[in-house]
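Following: one structure in structure tokens, then a few remarks.
The values are calculated or read from the model by the stated rules, or taken from the named source; none is laboratory data. Nothing here was measured: the structure is a model prediction, and the numbers come from that model. Note that we place each Cβ from the backbone using ideal geometry, even for glycine, and neighbour counts take in every protein chain shown. These accessible areas exclude ligands, DNA and RNA; they are computed on the full protein's heavy atoms, side chains included. Shrake-Rupley method; radii C 1.70, N 1.55, O 1.52, S 1.80 Å.
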Amino acid sequence: MNRKRLGDLLVESGIITDEQLHKALQEQKISKQKLGDVLLQQGYISENQLIEVLEFQLGIPHVSLFKFKFDQSLTTIITESMAKRYQVIPLKKDGNKLMVAMADPLDYFAIDDLRMSTGFQIEQAIAARDEIQRAIIRYYSLQESVDELMEDLPDDQATIETQLADKDSPIVRLVNQLILQAVQTRASDIHFDPQADSLRVRFRVDGILRTERMLPKHMINIVTARLKIMANLNIAERRIPQDGRFKLELNLKEIDIRLATLPTLYGEKVVMRILDLSTVIHEIDRIGFNKRNLPLFRKMLENPTGLVIITGPTGSGKSSTLYAGLNHLNSEDVNIITVEDPVEYQLDGINQVQVNPAAGLTFATGLRSILRQDPNIVMVGEIRDTETAEIAVRASLTGHLVLSTLHTNDSVSTITRLVDMGIHPFLIASSITGVVSQRLVRRVCTDCKREVEPTEHERSLLDRRGLKWSKLYKGSGCGSCNMTGYRGRLAIHEVLLVDDGLRRMILENRPTKEYRLHAVKNGMILLIDDGLLKVLQGQTTIDEVLRVAVND
């Protein structure tokens with residue numbers, strides 16, 4: 001076998017320099033990691049570049065496990081422990097040859113060990129590391145737990161309760177593996193949907209739901225019971241919705257999960273929100289504000305008093321923006337208090353209050369109490385009713401900076417919404433500093449990003465908005481993005497800074513259309529235009545922008 005070294009191949013291909021290779025080799029000596037992993041961490045190469053070099057230079061085929069039809073009988077040839085140790089997955093058998101997908105097809109020690117332990121000649125294929133990890137969970141760990149549970153599904157209550165409490169039982173392992181799989185695929189939510197003939201498990205990744213697994217119908221109750229136990233809920237109560245929260249340690253990483261149940265026709269639907277503190281953006285420079293909007297947002301936050309509102313639908317990243325704003329303002333010489341429902345992330349140095357309507361602690365009562373705690377900055381999770389809106393407005397007029405969220409379609413509609421809630425225009429004009437309208441769009445996958453020719457409709461849209469275009473980009477679909485062409489999300493914004501002219505218009509209670517015309521005339525970038533500017537930068541696509549923003 002002609003055993004070439006990865007570093008030499010990458011230098012020969014012109015992807016890295018000799019100097020970069022030398023630095024990576026020095027780092028490898030310290031960290032004891034594989035060279036490919038060091039190069040990826042240092043940002044010298046992308047996983048896609050690594051795959052391309054191995055495919056073209058060595059003739060090692062590249063497989064997309066997302067589309068591959070697996071022969072599950074092969075999992076008996078390579079054990080789960082070996083698959084995890086070497087990051088491999090068996091693909092197909094042909095005579096005495098066994099093709100395996102490998103994250104590192106130049107790991108000759110792994111190839112030799114696989115050959116000796118299986119008795120087959122090993123043929124390498126290359127696949128993305130994330131894909132291999134997901135395949136191992138799905139075809140080894142997860143399938144083993146499902147099979148065990150199917151073989152020995154308990155039918156008496158005592159055995160069920162014993163299994164639910166035993167951390168090594170198939171049901172406990174199954175639920176933990178599903179959560180681990182969701183975390184590895186960067187899912188924000190897991191949905192357990194009872195159907196007439198099955199239990200559908202769906203993950204929400206980058207804002208889009210997709211079915212991950214179908215479990216047999218008779219597993220609905222035992223899976224739901226296990227989830228309720230984890231969240232310390234009443235497993236006997238199936239008639240009313242319940243909410244809970246719990247922490248779970250997976251792969252030495254603590255995951256915070258919020259869980260909600262809802263009785264449906266075929267059983268209880270359970271939705272789990274995965275809260276990963278490491279993914280929260282704590283700096284306003286990293287939220288995605290463009291060069292014009294970032295100074296405007298900073299200016300709003302640096303006002304000692306006033307009302308700053310973030311708007312957008314559920315799941316548009318409003319909370320992350322609020323937390324980033326609070327983090328920017330957080331210092332030992334200010335008293336910051338929040339009232340939230342629920343408290344999603346705990347922030348050091350900030351006093352956070354959890355709403356509890358059952359005990360009489362609502363946004364309005366919490367906000368009243370907060371104002372007696374000598375705060376400088378107040379954050380109200382959401383303005384839901386007139387009472388909360390009135391207290392927030394009056395707090396901003398009595399020397400406090402108030403941050404909150406509201407559900408409106410764009411920034412200028414916020415003013416009309418507050419008027420509709422019964423707030424007098426003169427109070428709105430005096431209190432409101434600015435409004436940020438926000439949406440999340442999927443980011444083009446960097447591993448399969450390619451230049452594309454815009455369609456006639458796309459050209460027309462860009463021309464109509466007065467934007468000069470030269471190149472557009474889309475993702476062709478690869479293992480890193482599950483063949484979607486997108487990986488991760490970014491925010492698009494519409495930032496309205498309230499000036500004296502707009503205050504006069506609010507006092508006169510003018511129509512929303514006039515507010516918008518005034519704001520645009522004074523340089524406000526509309527939501528759709530901020531999205532299209534990010535399209536021209538190659539960060540997202542026109543389809544994504546039009547999915548969340550109105551083309552007026």
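For region 210-324, what's the radius of gyration and Dmax over Cα atoms, in angstrom?
19.6, 59
Using a 1.4 Å probe on the protein heavy atoms only, what accessible surface does Leu174 show? Give it in Å² to the nearest 10.
In the full protein context, Leu174 sits at about 0 Å².
Take Glu55, project a point 7 Å from its Cα along the Cβ direction, then tell me which residues of region 98-134 have their backbone nitrogen under 14 Å from it.
Answer for this model: 102, 125-129.
Please give me the summed charge of the neighbours of Gly422: other residues whose Cβ is under 10 Å from its Cβ, Lys and Arg +1, Asp and Glu -1.
-4
Residue separation times 0.36 nm, minus the C-alpha to C-alpha distance between Val520 and Asn232: what's the value?
Additional length available on full extension: 98.6 nm.
Treating the angle as unsigned and between 0 and 90°, give the value, to the nearest 10°, between the Cα long axis of helix 386-397 and the longest Cα principal axis of the chain.
Relative to the chain, helix 386-397 is tipped by roughly 70 degrees.
Calculate how many DSSP beta bridges within region 235-328 are antiparallel, expressed in % of all such bridges and rounded to the nearest 5.
Roughly 100 percent of the beta bridges in region 235-328 run antiparallel, per DSSP.
At a 1.4 Å probe radius, carbon and sulfur cover how many percent of the accessible area of region 491-549?
After summing per-atom areas, the C and S share lands at 51 percent.
Hey, if you drop one equal point scatterer on each alpha-carbon of region 21-81 and run the Debye formula without solvent, what base-10 log of I(q)/I(0) do you get at q = 0.15, 0.19, 0.25, 0.30 Å⁻¹?
Log-scaled intensity ratios, in q order: -0.70, -0.88, -0.99, -1.12.
Under the 0.36 nm per residue contour assumption, what length would be gained going from the current alpha-carbon distance of Arg245 and Gln346 to full extension?
Contour length minus Cα-Cα distance gives 35.0 nm.
Give the residue from Phe289, Pro511, Ile255 lying farthest towards the positive end of the charge dipole for the chain; charges sit on Cβ (+1 for Lys and Arg, -1 for Asp and Glu) and the dipole is referred to the Cα centre.
Of the listed residues, the answer is Pro511.
Top to bottom by accessible area (1.4 Å), largest first, where do Asp420, Asp189, Asp112 land?
Of Asp420, Asp189, Asp112, the descending order of accessible area is Asp420, Asp112, Asp189.
So in the chain, what percent of DSSP beta bridges are antiparallel if you round to the nearest 5?
65 percent
For the chain, with every protein chain kept in place, what is the accessible area per residue (1.4 Å probe, Å²)?
So the chain comes to 47 Å² accessible per residue, rounded to a whole number.
Net charge near Gly288, counting Lys/Arg +1 and Asp/Glu -1 over other residues with Cβ under 11 Å of its Cβ?
Cβ neighbours under 11 Å give a net charge of +3.
Equivalent-ellipsoid semi-axes (√(5λ), Cα gyration tensor) for region 452-539, whole Å, largest first?
They are 35, 16, 9 Å, listed from largest to smallest.
With +1 on each Lys and Arg Cβ and -1 on each Asp and Glu Cβ, and nothing else charged, work out how big the dipole of region 208-264 is about its Cα centre, in Debye to the nearest 20.
Around 200 debye, computed over region 208-264.
What whole-number distance in Å separates the alpha-carbon centres of region 242-269 and region 482-538?
Centre-to-centre distance over Cα atoms comes out at 36 Å.
Roughly what would the spin-label model give for Gln354 and Asn96, points 7 Å off Cα along C-beta, in nm?
6.4 nm
Can you tell me, using C-alpha contacts under 8 Å and at least 6 residues apart, the relative contact order of the chain as a whole percent?
Relative contact order for the chain comes out at 9 percent.
What is the helix-to-structure angle for 527-536, meaning the angle in degrees between its Cα long axis and the longest Cα principal axis of the chain, kept from 0 to 90 and rounded to the nearest 10?
Long axis of 527-536 versus the principal axis of the chain: about 40 degrees.
So how far, in whole Å, is the C-alpha centre of region 429-448 from the one of region 87-107?
Cα centroid of region 429-448 versus Cα centroid of region 87-107: 44 Å apart.
Out of the total accessible area of region 419-458 (probe 1.4 Å, heavy atoms of protein only), what percent is carbon and sulfur?
Roughly 48 percent of what the probe reaches on region 419-458 is carbon or sulfur.
Under 11 Å from the Cβ of Ala364, count the other residues' Cβ atoms, weight Lys and Arg +1, Asp and Glu -1, and hand me the total.
-1
Whats the longest run of the chain with zero GluC sites (Glu not before Pro) that are DSSP loop and have at most 11 other Cβ atoms within 10 Å?
Free of exposed loop sites, the longest segment is 1-282.
From the cross-link list Lys449/Lys471; Lys471/Lys534; Lys84/Lys247; Lys299/Lys468; Lys34/Lys84, which pairs have alpha carbons spaced over 19 Å apart?
Over 19 Å apart, Cα to Cα: Lys84/Lys247; Lys299/Lys468.
Put +1 on the Cβ of every Lys and Arg and -1 on every Asp and Glu Cβ in the chain; which of Thr416, Gly317, Pro216 then has its Cα farthest towards the positive end of the dipole?
Thr416
Taking the Cα centre of region 451-508 as origin, sum charge times position over the Cβ atoms of Lys and Arg (+1) and Asp and Glu (-1), and report the length of that vector in debye to the nearest 20.
Here the size comes out at about 200 debye.
With a cut-off of 8 Å between alpha carbons and a minimum separation of six or more residues, what is the relative contact order of region 259-409 in percent?
Dividing the mean separation by the residue count of region 259-409 yields 27 percent.
May I ask you to list the residues of region 299-323 whose amide nitrogen lies under 17 Å from a point 7 Å from Cα along the Cα→beta-carbon direction of Val334?
Inside the label zone: 299-310, 320-323.
Please state the charge dipole magnitude for the chain, taken about the Cα centre, from unit charges on C-beta atoms (+1 on K and R, -1 on D and E), reported in debye and rounded to the nearest 20.
1060 debye
Would you work out if region 305-409 is rounded, prolate or oblate? Take a ≥ b ≥ c from the square roots of the eigenvalues of the alpha-carbon gyration tensor; rounded if a/c is under 1.5, else prolate when a/b is larger than b/c, oblate otherwise.
Verdict is rounded for region 305-409.
Using only the alpha-carbon atoms of the chain, report the extent along each of the three principal axes, biggest first, to the nearest angstrom.
So the three principal-axis extents are 84, 65, 48 Å.
Just subtract the alpha-carbon distance of Asn290 and Thr512 from 0.36 nm times their residue separation and send over the number in nm, one decimal.
Extra length from Asn290 to Thr512 when fully extended: 77.4 nm.
With point charges of +1 on the Cβ of Lys and Arg and -1 on the Cβ of Asp and Glu, referenced to the Cα centre of region 389-483, which listed residue (Leu472, Ala392, Phe426) lies farthest in the positive direction of the dipole?
Leu472
Taking Rh as the Kirkwood radius, which is the inverse of the mean 1/r over Cα pairs, what is the Rg/Rh value for region 382-516?
Rg/Rh for region 382-516 comes to 1.14.
Tell me the carbon and sulfur percent of the accessible area for region 186-337, rounded to whole percent, probe radius 1.4 Å.
Whole-percent figure for carbon plus sulfur exposure: 50.
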